[in-house]
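Shown next, in structure tokens, is the structure this report addresses.
The numbers here are math on the coordinates, done by the rules we state, and not lab data. These figures come from a predicted structure and were not determined experimentally. No Cβ is skipped: glycine too gets one built from the backbone with ideal geometry, and neighbour counts run over all protein chains shown.
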Amino acid sequence: MKKIHRIIIILLTLFVSFVFVPVAFAHPLGNFTINQYVGLNVSREKVVLDYVLDMAEIPTFQEIAAFDANGNGQADPSETAGYPADKCNSLRPDLRLLLNNRPLNLTLTTSSVEFPAGVGGLPTLRLTCKFQAAYTSEEISQLSFSNNAFPERLGWKEIVVVADNVSITGNFAGTSLSNRLTKYPADLLTSPLDQRQVEFEVTPIALSERSESSVVATTSTSPLADRNDAFTRLILLEEITLPALLLALAISFIWGAMHAMTPGHGKTIVGAYLVGSRGTIKHAVYLGLTTTITHTLGVFALGLITLFAAQFIVPEKLYPWMSLLSGLFVLGIGLNLFADRFRSSGLGTWIQAFKTKLGRSPRPYSLVLAHAHSKDPVHQHKYVLNTSHEHHEGHIHAHGHEGHHHDHTDEHHHDHNHDHADHSHLPPGADGAPFTWRSLLALGISGGLLPCPSALVVLLGAIALNRIGFGLILVLAFSLGLAGALTAIGMMFIYAGRLFERFPSQGKIIRILPMLSALFVSLIGVAISIKALSGIGIF
Amino acid sequence: MNKRKTILLLFFILAILAYSRSNGSAVDAAGLPNAQDINGDALASIPPVNDAIKSFQDRIRRNPKDAVSYTILGDLYIRQARETGDVSSYQRAEAALSQALDLLPGYAPAGALLASAHYAQHNFDQALELAERVYESNPKTTSAQVIIGDAYLSLGNYEQAETIYQELGKTEATPPVLARLAHLEELKGNPKEALHLLRRAAGDALRSGGTRESVAWYLLRVGDMYFNIGEIKESGTYYEASLRVFENYHLALAGLGKVRAAQGKYDEAIAYYQRAISIVPQPDFLAALGDIYMLTNQPDEAQLQYKTVEYIGKLAGINKQIYNRQLANFYSDHDLHLKEALRLALAELESRKDLYGYDAAAWAYYKNGKFEEARVLMDQAMALGTRDARLFYHAGMIALQLGDEAQAREYLEQALTINPHFSVLYADEARTTLDTLQAAETK
């Protein structure tokens, strides 16, 4: 199972490298840039300055033309022999290193030049200069460095500071983001560095502490380091062929089933409920279907929110609220069940008597079919638009008033209907506990209400790639997997429950089992709600 | 108590008025800018483009599905490209905007910006197609409409461009629309109207507080127009104002180089061009600098600049960049690779039939000794009645080669009347040719 996960992640990483890095430049900017890197190695008695100059094609051409004695446009070895040292020395005044505000003298130790091929095989120039400055460090020394070479030309300008047996504090980078101008990050989210100066304090470390030479407060935060995209790149096949599609669907299904095994999707609730109410396979399947539909819709809804309201709502913040809703749902179901069973177990007859006194008469059955219809958001839309004849379109509303003014969410619609539907048109359970479709529906919804983040990411990935249809199928398969697992668990409980009944001695337990299960469901609802509240930050 | 309040209020109003006047002296009562008084201090509040880019990169890193942030990032990359002259920023803009459109298909602002990035890279057909699609699905996107007009203009469909610009001008006479109406007037040979519209655009931009670069661009364009009608001094004041508003603005530096060269201050001209080139080595800057070196007897320096232009041409061939026409004109002007010049100019004319495309091809034909072909294309270039000295000079030289001396004299006279400093290389030649023609006639 883990393997599949990993394969998918690898696939997605490949996809990301295609999509997220559409332009790769030899140089971070255009081919006229001049890029510079300065590495300062600070030790107790000296500072070693590692200077790298990387010129793109056009400045390289101009540079070569300036020393091209034979005019062939090439940097011949005879022409470049003295070049690196001369160039390094001519750049030296632009590299200013100050110790306690007094300039330090830089001496050139080594220098070299190369002409790596750039665009179309045209040469670029890479000059390396090593300078050194000796100093006698006091208790605390203030070092500052500024690079004033090529001030106006665009280019990557980087300064890195490394401590060698000293402690340094300041605001600087400790590692090179461009690997000394050999690999420029080419993604959209990394701007070329523009570091022209740096200041820091140097404290010599006592001999005994030497082994623990440290760099303090290095505030170099690589913009690439805090990327956590393991899931942001779901689903992506290069080509959608039939076998690939089937495989993808199978993987989604299995993944969904796996997801059902993780805490939070109400396996126990389902089990407890079905056992308590003596459910049948039919109920388990119905439950599974409800969960599938709710989960799919939930993913779409959250996906839409993420797409269109991302500036206002952070989906992560929405999650605890949704799980709170889910928890309250479960709690409601549990309490409702408990009340029903309490009533029907004989202890509650007085409640019924009380109710009849109040004149609450039984209402006609609510139509499950009508609910199923109003679940479909598209359908609902049509409904709202054709306000003039919707009442004659064959849809029976449990309540006739103001039906056409409803343009709320489906959820609301449900509640609205169910609040008025006291009675079930299903036969009561064998033990007399009313086995209502509506509580089953509510249970299914609670199981699927909380969209699984990975499914959401799959959907968003699909939208990003303009493969919405594919994404929908995958999410559906995922939801089916989820529901399938829940259904299977439900069936297991049902069979296990039937096994129980074979032992006559357990009769008493069976009598109170429905109430126990209802209590259990309520407790789980409370637990989920509390957890969600703590997630929100209220608890 | 009430009295004191009234006095305070009056004082407050006066203070605001005084403040706004002190700020508004850069713009006169008619809303036109006074170049000398412009410094752009009132524009300081907009953050530099690089800072803005970083903050939106952070936002996207936190929420990688944020299509709106991607759109703004794309917009900022376009701004960066304009400010720095670095064409590769347009590619980044395209990538960011495509990302936005992937996340949120049909998002009109991203579509319109993507079209403008295509346009800036001279992918006119692509820009036109995308902008039309955006505009059809969302007719409120005036920015898309502007791009449609621009693309038509660049492709030489002047009538369609004019219809669109005028329609836009009726509903929203913002600086961008005014600048385009001005350009249209310029092409139609009405420099006075063009200048008035453009100065209005610059004044509006200055008052409404756009980015420094955008205000500097309007001022630069005013400078260009003054230069093109031969008002060199006025042109210089606008270029200077542009440079004050936006420090190190490469286009304004090059403009000042052009002005100083026209005034015969070659050392200053060289210094300005060198500054512009140290920021971004654009081929037209390098060529102009080379020309001044030639004029001041420094052929080695000149050759170095010319060779760099050719080198950029080579790179442009590899990168398919946007300098084809500039290169064709450079080759023709300097009698270099004339066959290549003709090839480039004709290839460009294939996809883009605007008047400067015809002019470039005509001039390349002329340099290749094909005067009849040159004349046919030159007539097309002048069909709109554009009063551009360079066009008249080209037409005059072509007429001369075809033996039509009267026509040639008229054209050359026109060229020198419009702008006696139209070219460092050719203004003198135009004068001497005209002198010989006039001398021949009086004989």
Simple label model, 7 Å out from Cα along Cβ direction - A:Leu242 to B:Glu167, nm: 4.9 nm
How high is the FRET efficiency from A:Leu533 to B:Leu402, r the C-beta distance, R0 60 Å, rounded to 0.05? 0.10
Report, in degrees rounded to the nearest 10, the 0 to 90 angle that the Cα long axis of helix B:88-103 makes with the longest principal axis of chain B. 50 degrees
Note down the Stokes-Einstein diffusion coefficient of chain B in µm²/s, whole number, using a Kirkwood radius over alpha carbon pairs, 37 °C, and 0.692 mPa s. 139 µm²/s
Angle between the Cα long axis of helix B:355-367 and the longest principal axis of chain B, 0 to 90 degrees, nearest 10? 30 degrees
What does the net charge come to around B:Leu153 if you take all other residues with beta carbon closer than 10 Å to its beta carbon, with K and R at +1 and D and E at -1? -2
With an 8 Å cut-off on Cα pairs and a minimum separation of 6 or more residues, tell me the relative contact order of chain B in percent. 11 percent
Give the relative contact order (percent, whole number) for the range A:34-212; include only Cα pairs under 8 Å separated by 6+ residues. 29 percent
For the range B:147-161, just list the computed ³J(HN,Hα) in residue order, Karplus coefficients 6.51, -1.76 and 1.60, θ = phi - 60°, integers in Hz, with x standing in for Gly and Pro. 5, 4, x, 4, 5, 4, 4, 5, 8, x, 8, 5, 5, 5, 4
Suppose we take every Cα in the range B:354-407 and form the convex hull; what volume per residue is that in Å³? 64 Å³
Projected label distance in nm at B:Gln303 and A:Ile140, using a 7 Å step from Cα toward the beta-carbon: 6.0 nm
Take A:Arg102 and B:Thr442, extend 7 Å from each Cα along the Cα→Cβ direction, and tell me the distance between the two endpoints in nm. 7.7 nm
Using alpha carbon coordinates only, what is the Rg to Rh ratio of the range B:217-299, with Rh defined as the Kirkwood radius? 0.95
Please state, as a whole number in µm²/s, the translational diffusion coefficient that the Stokes-Einstein equation yields for the range B:103-166 at 20 °C and 1.002 mPa s, with Rh defined as the Kirkwood radius across alpha carbon pairs. 191 µm²/s
What is the calculated FRET efficiency for B:Asp58 to A:Asn171, with r their C-beta to C-beta distance and R₀ = 30 Å, to the nearest 0.05? 0.95
The range B:153-190: GluC sites (Glu not before Pro) in DSSP loop, at most 12 other beta carbons within 10 Å: B:Glu172
1/(1 + (r/R0)^6) with r = Cβ-Cβ of A:Leu304 and B:Glu350, R0 = 56 Å, i.e. FRET efficiency to nearest 0.05, evaluates to 0.75
Taking 22 Å as the cut-off for C-alpha to C-alpha distance, list the pairs among B:Lys188/B:Lys233; B:Lys188/B:Lys353; B:Lys140/B:Lys353; A:Lys130/A:Lys157; B:Lys233/B:Lys265 that go past it. B:Lys188/B:Lys233; B:Lys140/B:Lys353
Local electrostatic count at A:Gln132 - Lys and Arg +1, Asp and Glu -1, tallied over other residues with Cβ under 12 Å: +1
With viscosity set to 0.890 mPa s at 25 °C, what whole-number translational diffusion coefficient in µm²/s follows for the range A:135-187 from Stokes-Einstein and a Kirkwood radius over Cα pairs? 178 µm²/s
Rounding to the nearest 10 and keeping the result within 0 to 90°, find how far the Cα-based axis of helix B:299-319 lies from the longest principal axis of chain B. 60 degrees
In whole angstrom, how long is each semi-axis of the equivalent ellipsoid of the range A:34-212, when you take the square root of 5 times every eigenvalue of its Cα gyration tensor and sort them from largest down? 32, 19, 13
Charge context of B:Leu168, other residues only, Cβ under 13 angstrom, K/R +1, D/E -1: -1
Taking Cα centroids, how far is the range B:239-266 from the range A:117-147 in Å? 34 Å
Which loop trypsin sites (Lys or Arg not before Pro) in the range B:91-163, with loop taken from DSSP, have no more than 15 other Cβ atoms within 10 angstrom of their Cβ? B:Lys140
Residue separation between A:Ala69 and A:Leu328 times 0.36 nm, minus their alpha-carbon distance, gives in nm 84.8 nm
Taking 0.36 nm per intervening residue step and subtracting the Cα-Cα distance, what contour gain separates B:Val376 from B:Leu425 on full extension? 15.2 nm
Loop-located chymotrypsin sites (Phe, Trp or Tyr not before Pro) in the range B:89-190, at most 11 other Cβ atoms within 10 Å (DSSP): none
Per residue, how big is the convex hull around the C-alpha atoms of the range B:213-253? Give it to me in cubic angstrom, could you? 46 Å³
5 Å is the cut-off here: which amide hydrogens, built 1.01 Å from N in the peptide plane, fall below it relative to B:Val280, excluding neighbours closer than 5 in sequence? none
